[in-house]
């Protein structure tokens with residue numbers, strides 16, 4: 001393995017992939033909220049549909065990449081198609097759809113439906129390239145001596161991607177359709193180009209002797225009771241990962257809307273940028289710690305940081321009604337703690353899952369990882385968020401339509417989920433220790 005090429009491919013594919021996911025996971029919500037007055041249920045449906053599409057894609061393509069013993073072709077071709085699918089969103093505009101549908105209300109509803117469908121198409125290519133192929137490649141090409149370090153870099157990319165997107169588009173007026181057109185054109189072009197660059201920098205992991213399972217048997221492999229029993233520690237780790245990600249998905253789809261609309265922070269980059277930088281640096285350094293001290297000792301600091309961040313975002317400004325510069329500073333600290341817990345937790349769980357994945361089977365187990373990381377959390381988390389926001393305050397827009405305002409109750413719900421995980425893991429490790437004595 002060429003060390004320089006490996007780290008270049010790791011950084012480039014991880015960062016650009018996460019930039020594309022930021023546009024989907026955070027900007028699509030803002031897009032349909034601002035352009036088409038989407039409801040909390042619309043946003044929840046979009047996240048859920050995308051989560052299901054990502055899971056099915058990863059299960060089927062991950063198994064296929066295992067059978068073919070190929071990762072590079074799925075990564076590179078997948079990124080090219082992923083970029084093209086993002087470009088398609090530039091055509092989803094009310095002025096175009098109104099000319100076909102007629103009424104403004106009908107055009108908005110149609111646009112939301114189109115976005116949800118296109119989101120699933122984009123997710124198919126993105127999950128092929130990133131969730132299935134890239135993640136299997138990263139597992140194959142690393143080992144237990146450097147996975148924590150690699151996963152630390154990999155796990156910091158989601159928030160670095162947010163910083164890149166926010167910084168790159170902070171001058172865009174997101175209330176204007178033309179701004180969204182340019183966002184989709186720019187991101188789509190970058191993702192496409194990276195697919196072509198990958199042809200020259202991605203090295204195929206060493207081939208290993210394939211097993212004798214057929215394709216559909218490979219798909220079903222990770223769901224066999226005998227496999228679950230033989231890899232109990234892996235499946236328990238995935239179960240904990242499910243709960244962790246549910247906590248994140250309770251608030252994440254509504255986070256930017258909360259900052260901008262509920263707190264009145266139109267320039268929320270002031271909050272996000274320093275919080276992201278601190279969280280990213282912390283996670284990159286924490287990856288080395290994970291390699292040294294292991295899962296049990298590294299997971300609790302992440303979960304506690306996440307909880308402390310939630311508590312601060314619940315109290316300030318919600319409970320104590322802090323305003324002005326003091327509110328900005330306190331929300332910044334809360335966001336920083338929350339994001340540090342989020343990113344370092346992703347690194348901890350990601351490293352654990354990779355270390356426990358059976359040799360030669362990284363592709364077929366990516367489906368299980370995506371079930372734990374995306375599908376179940378993507379369905380349950382936003383549903384919890386939408387449920388607690390059911391009676392949220394509404395505002396009247398300039399065109400007479402109404403929009404909901406997320407409240408800090410989303411962080412309370414997320415905190416409860418995180419607390420359940422912390423208590424469960426304390427009990428699990430206590431029982432495991434007692435059993436070994």
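Some notes on this structure:
- Of all residues in region 329-356, those being surrounded by fewer than 23 Cβ atoms within 10 Å (Cβ to Cβ) and over 28 Å from residue 258 (Cα atoms) number 2.
- Residue within region 407-414 that is touching a helix residue (DSSP H, G or I) at 6+ places or on another chain (Cβ under 7 Å), over 30 Å from residue 45 (Cβ atoms) and modelled with pLDDT of 90 or more present: no
- Criterion applied to 304, 308, 236, 285 was being surrounded by fewer than 21 Cβ atoms within 10 Å (Cβ to Cβ) and under 17 Å from residue 151 (Cα atoms), and the one residue passing it is 285.
- Wholly enclosed helices (runs of 4 or more DSSP H) of region 57-146 bearing at least 2 residues more than 20 Å from residue 157 (Cα to Cα) and in contact (Cβ under 8 Å) with a residue 60 or more places away in the chain: 72-87, 94-101, 104-126
- Residue match in region 99-106 (condition: crowded, with 17+ Cβ neighbours inside 10 Å and in contact with a helix residue (DSSP H, G or I) (Cβ under 6 Å, 6 or more places away or on another chain)): no
- Residues of region 1-39 satisfying the condition of being in contact with a helix residue (DSSP H, G or I) (Cβ under 7 Å, 6 or more places away or on another chain) and not in a helix (DSSP H, G or I): 1, 37, 38
- Within region 328-351, residues that are free of Cβ contacts under 8 Å to residues at least 24 places away in the same chain sit with their Cβ atoms under 8 Å from residues that are not in a helix (DSSP H, G or I), at 6+ positions apart or across chains, in these pairs: 330/322.
- The sole residue among 227, 250 that is closer than 21 Å to residue 55 by Cα, at pLDDT below 95 and surrounded by fewer than 21 Cβ atoms within 10 Å (Cβ to Cβ) is 227.
The values are calculated or read from the model by the stated rules, or taken from the named source; none is laboratory data. Keep in mind it's a predicted model, so treat the numbers as computed, not measured. In this analysis, Cβ positions are derived from the backbone assuming ideal geometry, glycine residues included, and neighbour counts consider all displayed protein chains.
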